[in-house]
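Bear in mind these aren't lab numbers, they're just calculated from the coordinates by the rules spelled out. For clarity, every value in this text was computed on a predicted model and none was experimentally measured. Virtual Cβ from ideal backbone geometry, glycine too; neighbours counted across all protein chains shown.
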Amino acid sequence: MKDSIISIDDVSFQYPDQTAFALQHVSLHVQRGEWLAIVGHNGSGKSTLAKMLNGLHYPKEGTVTISGLALSEENVWAIREKLGMVFQNPDNQFVGTTVQDDVAFGLENNGVEQKEMKERVQEALEKVGMTAFLNQEPHHLSGGQKQRVAIASVIALRPDIILLDEATSMLDPAGRDEVMNTIRSIKDEEGLTVISITHDLEEAAKADRVVVLNQGSVYTEGSPQAIFQLDQELLTLGLDVPFPVRMSQLLADEGLILSQRHFTEEELVKDVWTLNFKK
Amino acid sequence: MMEKIILGRYLPLNSVVHRMDPRAKLLFIFGFVFVVFLANNVLTYALLGVFTLFVIVLSNIKIQFLMTGLKPVIWLILFTFLLHVFFTKEGEVLAQLGFLSIYKGGVIKGAFISLRFLLLIFVTSLLTLTTPPISVTDGIESLFGPLKRVKVPVHELALMMSISLRFIPTLLDETDKIMKAQMARGADFTSGSLTSRIKAVIPLLIPLFVSAFKRAEELAVAMEARGYRGGEGRTKYRVLAWHGRDTAALLVLVALAAALFGLRS
């Protein structure tokens, strides 16, 4: 694991007023340029892990290294520049009174010169396709647009890693696609590392690798294909297999073997209606 | 809900007044509040009136629009006028209504004071009408900047102001939603005695407060994640620029004050 951008080694964490450990001996490595999904039901420790990566919590045991910096109180501000975070609620992370003020907020905090700030705000908003909304106030934006602004304010800081903490869970399906497509294109353009923390397996299906957390420890990890093969096991962990995956399994049970696994409805539909042509 | 309130609303037009530095506008209004008190006769009030009209015309804001904004205070103005009419006993008697006698001095004084009220309201509402709230905040932060030396948390106060401004529509939306949710459960906000109406507000306020605190907590985490660590070492995205017209505006105010000083009796 030479080129891991994030190393989590044997990390345990306990909330101050609780006896149970929220994280227990978690070890995890993230490759540079990888898209990693961390899934788990409520209380599996995935949010705690997310907050730890941003220095909002410190491990009780073990070490966390991000972009070559060990997580500690001295390094935390440098780490926050390397790792940007998009949170769940689109409203509660919008600090500025307008779109451009919000994107500039992180830059102001890091003491970027005003002239450069203007350029970076413009550039970041271009990347998420929100330049037309420069002076718009947050209450005139949809949830998906607000999350795109949140992504812009993260990439304006030019981080190495972008961490999505349930960033699409409060959005409607259209907003969800909007945000995921934005992330995908930015990731390809900038060579960013993406970590998405979610309980939505359809979102996890888009990742390169999936880590399943359960009761504060890593339950299993693998490619989305391998993870979805677990099927019943996932259900016992409180995770729902995406509909297209379940559907093609049911079809397989009926003797209709489709050529490949499907993660989106579109893929499934395409395969089903072309099935007879292949015979 | 916001549409009815003119106070604190911003009208994005293009005018010299809109383009002025918010600091200049704040200083101007602060000065104007004192200058208004210099007027004490017909000539000086006329001069003040003409001057205010001139400023309104410069701002491109319709006088009718300012008039609608007067509605909430019109009773207050009327009340002060009548108070002076009935209770100031100066000059000759104009009319005798039973035990009340109306003096000429009372009418004049009442008119002057109402006019003073009116001018102050016009000019101060011009500030918010021509300046986006965020610029007002920036202006205040910059003007009070020197107070940082005596440990007044100017930056924090300004940030608090701008965050409150940003969350007003969000919380109004939320209030609306909670209200509908409670109405769907049979709550009645619009009828009944005053006490029962006040009681009906409680199930509205509690969820609102709970969610506001939750929002505050999440916002604080989000701000920290984006590197917020207080005002030190922070740069500003919005830079205020003081132009010649800003100095000119303040000089005009000084000239006005001098003229009023010369003309007052």
What longest region of chain A stays clear of GluC sites (Glu not before Pro) that DSSP places outside H, G, I, E and B and that have at most 12 other Cβ atoms within 10 Å?
A:114-253
What chymotrypsin sites (Phe, Trp or Tyr not before Pro) does region A:189-279 have in DSSP loop regions with at most 10 other beta carbons within 10 Å?
none
What does the charge count around B:GLY105 come to, taking other residues whose C-beta lies under 14 Å from its C-beta (Lys +1, Arg +1, Asp -1, Glu -1)?
+1
Whose amide H sits under 5 Å from the amide H of A:ALA167, counting only residues 5 or more places off or on another chain, with H placed in the peptide plane?
A:ILE197
With springs only between Cα atoms under 10 Å apart, run a GNM on chain A and tell me which of A:GLN88, A:GLN136, A:GLN114 wobbles the most.
A:GLN114
Evaluate 2.2 N^0.38 Å with N set to the residue count of region A:4-241, then give the Cα radius of gyration divided by it.
1.00
Pairwise centroid distance, computed over Cα atoms, of region A:175-192 with region B:5-76, Å:
49 Å
Quick one: net charge of A:VAL121's neighbours, Cβ under 10 Å, K/R +1, D/E -1?
-4
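Counting other Cβ atoms within 10 Å, which GluC sites (Glu not before Pro) in region B:43-150 have at most 12 and lie in a DSSP loop?
Sparse-neighbourhood loop GluC sites (Glu not before Pro): B:GLU90, B:GLU92.
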Using a 10 Å Cβ count of at most 10 others and DSSP loop calls, identify the longest part of chain B lacking such trypsin sites (Lys or Arg not before Pro).
B:1-150
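Sorting A:MET247, B:MET160 on the 10 Å Cβ count, fewest up front, what's the list?
Final ranking by Cβ density, sparse to dense: B:MET160, A:MET247.
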Checked against the positive end of the charge dipole of chain A (+1 on Cβ of Lys and Arg, -1 on Cβ of Asp and Glu, about the Cα centre), the farthest of A:ILE38, A:SER67, A:TRP273 is A:TRP273
Please provide three numbers in whole Å: the alpha-carbon extents of region B:147-225 along the principal axes, with the largest listed first.
54, 28, 17
Pick from A:SER72, A:SER153, A:SER47 the residue whose mean-square fluctuation is largest in a GNM of chain A, springs joining Cα atoms under 10 Å.
A:SER72
Its Cα gyration tensor gives the protein assembly as shown an equivalent ellipsoid whose semi-axes in whole Å, largest first, are 60, 27, 22
Could you pull out every whole DSSP H run in chain B that spans at least 20 Å of Cα extent along its own axis and averages -0.5 or higher on the Kyte-Doolittle scale?
B:42-59, B:63-87, B:104-130, B:154-184, B:194-225, B:244-263
Could you work out the per residue convex hull volume over the alpha carbons of region A:137-279, in cubic angstrom?
142 Å³
Point-to-point label distance, B:TYR10-A:ASN42, nm (Cα→Cβ direction, 7 Å offset):
3.9 nm
